[in-house]
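Working notes, beginning with the structure itself.
The values are calculated or read from the model by the stated rules, or taken from the named source; none is laboratory data. Just so it is clear, the model here is predicted, and its values are computed rather than measured. Backbone-built Cβ (ideal geometry, glycine too); neighbour counts: all protein chains shown. Keep in mind that these areas ignore ligands, DNA and RNA; they rest on the heavy atoms of the full protein, side chains included. Shrake-Rupley method; radii C 1.70, N 1.55, O 1.52, S 1.80 Å.
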Amino acid sequence: MRALLLAVTMAAGVPAMAGKLDLSSIYEGGGLNGPVPRSLKISPDGQRVTFLRPKASDQNRLDLWEYHVKEQRTRLLVDADSLAEAEQELGEAERARRERARTASLSGIVDYHWSPDGTRLLFPIGGALYLYDLGATEHPLRKLDTGGDFIAPQISPAGGYVSFVREQDLWVIDLVSGTRRRLTRDGGGTVHNGEAEFVAQEEMHRDEGYWWAPDDSAIAFQRYDEAAVPVVRRMEIYAERAELIEQRYPAAGQPNVETRLGLVTPDGGDVRWIDLGEDRDIYLARVKWLPDARRLSYQIQPRDQKRLDLKLVDVATLEQRTVLSETSQTWVELNDDLHFLAKRDAFVWGSERTGLHHLYLYDLDGTLKHAISRGDWNLDGVAAVDEKDGLVYVTSNRDFVPDTQIYALKLDGSSADRPQRISREDGTHAATFAKNGAFYVDTFSDPRTPPQVSVRKPDGSRLAWIEENRLDARHPYARFRGAFVEPEFGTLKADDGQTLYYRLYRPADAPGADVERRPVLVFYYGGPGVQTVTRSWGDHFNQYMAQRGYVVFTLDNRAWRGAAGSSPMRSTASSAMPRSPTSEPASAGSSSSRSSTPRASACSAGATAAT
């Protein structure tokens, strides 16, 4: 790290030449990416695409926009600056949540939710909570009285309530009467209701701590008590200061939080508790309602994470059974692929049991029907399930590992080894599908193309641009185009024969293979679930270093694929699976599905080390 800091300091001290990237342009002001929409969502009725867009003068301050699909028109809905007077300093809980969500540097409108009928939007800003009525001609904004600092706001699925967590308890507001109601009453100190604990947020990619039933009849919520978790001290480093932070953090071998899963109705009443078993040293990995609102599912792991059980609960009786279990000699990787079908008692399930991530269709009794995908390729995740047309849309790097493409698979398994690629351009794609499957919103980039957002048919053909983001003379990156260093992608063989992918930037002033002796910056992460070698836009800092004479090398190790390459998992289905014994407690981050910041090191090496 000391070598890296010295290298960066030396590079930063060199006067910026015309056309070369500079640190101020990368990290300050309007940014280099252009007007890129983020948090893209399609309204439940499919009429609108909403998104957050940074201001031209400040890449970290976001406004709320919409694109009207039929009218093909984009307009600003809410200017964050118009509510600046209402903004307050964020509470400690919200600051911590944003830090774990990697949004701590953002301001303005950083999150929002659609109402189920597609007529209203809920968003927090600066400590206040607002409802925006799209049909109102006058005064479309309604400020909701939360009674104090809050986190985790939601609109209920049937549209009758707004919910949030305040003072570590779960609250609702009846949108008809305006009544505010506290649903839990023991929150405070080390007890939290309706929140996800630190490990779930940081390492298991679960930010939510409560889940509405589809018909508004009940809320499932997590209650955790962190009294036994040791307090650690760490430094929070800012540009102008540093703060000492105390935080409860369960290191390897130390106690975890004590977790419970409860059910409560929005009109109050007693909490009913779901039995999570005798083993208290567990992770509540996922919770999800079935479409009929009569059954609730949850996924649970022991501390060593070598087992994952999918449980199904009858909400009326609280009777439950284990639908299936995944086990592994290393760990079971989590995913968000579980999708319950609405028209029959079946579900889509993602698993790495073969050593590669694929999809399977199960009946609710735990019977495996068939594989939806299979073969020597890895699936990233489910983008959408179109039950009507019998299709599952997924993202994968099947064609070229540094890419992310969108594919269609048949729900009946008939195309399991022949997915149809629907995204067109080589590079990196992210998809948001309409609820009815009529179209999707595609965000695409490659190393020379800043993120472009378009509306696409299910076959991948473009219907309209939301943001073309052309790299023309007006683009903030335009003045640096001439110094762009083309990345090279390639592979290396590990000692055990596995193929590892790399990205290489040769110095801008010596692009040939026979370069003289040059300093090398090695940029890596190495933890599970994070791919750094990607054919995508935005690798500005590594470009900056390459433009100043450095060889920049990035290699993805085996771990970014999760458990792929390690021992395959086993999967079994049963109505009463015995619990496996829990091994010695593992560290909280042993199966991270979300990374901390990738690291870099600097060294001096010859051309043979860089090629």
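Some notes on this structure:
- Of the strands (runs of 3 or more DSSP E) lying entirely inside region 160-226, those containing at least 2 residues that are of a type in the set (A, V, I, L, M) and touching a residue at least 40 places away in the same chain (Cβ under 8 Å) are 161-166, 169-174, 219-225.
- Selection count, region 395-420, where residues are in contact with a Ser or Thr (Cβ under 9 Å, 6 or more places away or on another chain) and not aliphatic (A, V, I, L, M): 12
- The residue that is nearest to the chain's Cα centre (by Cα), counting only those in region 264-288 that are hydrophobic (A, V, I, L, M, F, W, C) and under 20 Å from Asp314 (Cβ atoms), is Val287.
- In region 214-245, residue nearest to Val287 (Cα to Cα) [restricted to those that are touching a Leu at 6+ places or on another chain (Cβ under 9 Å) and exposed (fewer than 10 other Cβ atoms within 10 Å of the Cβ)]: Arg233
- Top-ranked residue in region 259-272 [being free of Cβ contacts under 8 Å to residues at least 40 places away in the same chain and surrounded by fewer than 16 Cβ atoms within 10 Å (Cβ to Cβ); ranked as farthest from Ser163 (Cα to Cα)]: Asp270
- Cβ-Cβ distances below 8 Å connect the following pairs, each with a first residue in region 231-255 that is within 24 Å of Gln305 (Cα to Cα) and without any contact (Cβ under 8 Å) to a residue 60 or more places away in the chain, a second residue that is of a type in the set (S, T, N, Q) and in a loop (DSSP other than H, G, I, E, B), and a separation of six or more residues or different chains: Arg248/Thr190.
- Any chance Val394 is under 21 Å from Trp537 (Cα atoms) and of a type in the set (A, V, I, L, M): no
- Test result for Asp363, surrounded by fewer than 18 Cβ atoms within 10 Å (Cβ to Cβ), farther than 30 Å from Asp215 by Cβ and of a type in the set (Asp, Glu): no
- Scanning region 366-378 for residues that are modelled with pLDDT of 95 or more and open to solvent by 20 Å² or more (accessible area, probe 1.4 Å) yields Thr367, Leu368, Lys369, His370, Ala371, Arg374, Gly375.
- Region 317-347, residues that are surrounded by 21 or more Cβ atoms within 10 Å (Cβ to Cβ) and in a strand (DSSP E or B): Val323, Leu324, Ser325, Glu326, Phe347
- Region 171-213 - residue that is among the basic types (Lys, Arg) and open to solvent by 20 Å² or more (accessible area, probe 1.4 Å) and, of those, nearest to Asp267 (Cα to Cα): Arg181
- Scanning region 28-76 for residues that are open to solvent by less than 30 Å² (accessible area, probe 1.4 Å), touching a Gly at 6+ places or on another chain (Cβ under 9 Å), hydrophobic (A, V, I, L, M, F, W, C) and assigned to a loop (DSSP other than H, G, I, E, B) gives a single hit, Leu32.
- Among the candidates Asp149, Asp111, the residue that is touching a Gly at 6+ places or on another chain (Cβ under 9 Å) and either among the aromatic types (Phe, Trp, Tyr) or outside any strand (DSSP E or B) (or both) is uniquely Asp149.
- Candidate set: region 247-258, residues that are open to solvent by 60 Å² or more (accessible area, probe 1.4 Å) and under 26 Å from the mean Cα position of the chain (by Cα); chosen: the one modelled with the highest pLDDT: Glu258
- Selection of first residues in region 394-405 that are more than 25 Å from Trp349 (Cβ to Cβ) and open to solvent by 30 Å² or more (accessible area, probe 1.4 Å) and of second residues that are at pLDDT 95 or above and part of a strand (DSSP E or B), restricted to Cβ pairs under 9 Å at least 6 apart or on distinct chains, gives the following pairs, ordered by first then second residue: Phe400/Phe489.
- For region 78-100, the condition of being closer than 27 Å to Val455 by Cα, open to solvent by less than 70 Å² (accessible area, probe 1.4 Å), more than 22 Å from the chain's Cα centre (by Cα) and of a type outside the set (A, V, I, L, M, F, W, C) holds for at least one residue.
- Which numbered condition Asp459 misses (of (1) in contact (Cβ under 8 Å) with a residue 60 or more places away in the chain; (2) within 30 Å of Asp442 (Cα to Cα)): (1)
- Residue match in region 124-134 (condition: crowded, with 18+ Cβ neighbours inside 10 Å, modelled with pLDDT of 95 or more, in contact with a Leu (Cβ under 6 Å, 6 or more places away or on another chain) and farther than 26 Å from Leu40 by Cβ): no
- Test: residue in region 426-442 that is of a type in the set (D, E, K, R), farther than 28 Å from Ser351 by Cβ and touching a residue at least 60 places away in the same chain (Cβ under 8 Å): yes
- Scope region 516-527; condition of a type outside the set (Gly, Ala, Ser) and open to solvent by 20 Å² or more (accessible area, probe 1.4 Å); matching residues: Glu516, Arg517, Arg518, Pro519, Val522, Phe523, Tyr524, Tyr525
- The residues in region 289-316 that are farther than 18 Å from Val348 by Cβ, of a type in the set (Asp, Glu) and part of a strand (DSSP E or B) can be counted, and the count is 1.
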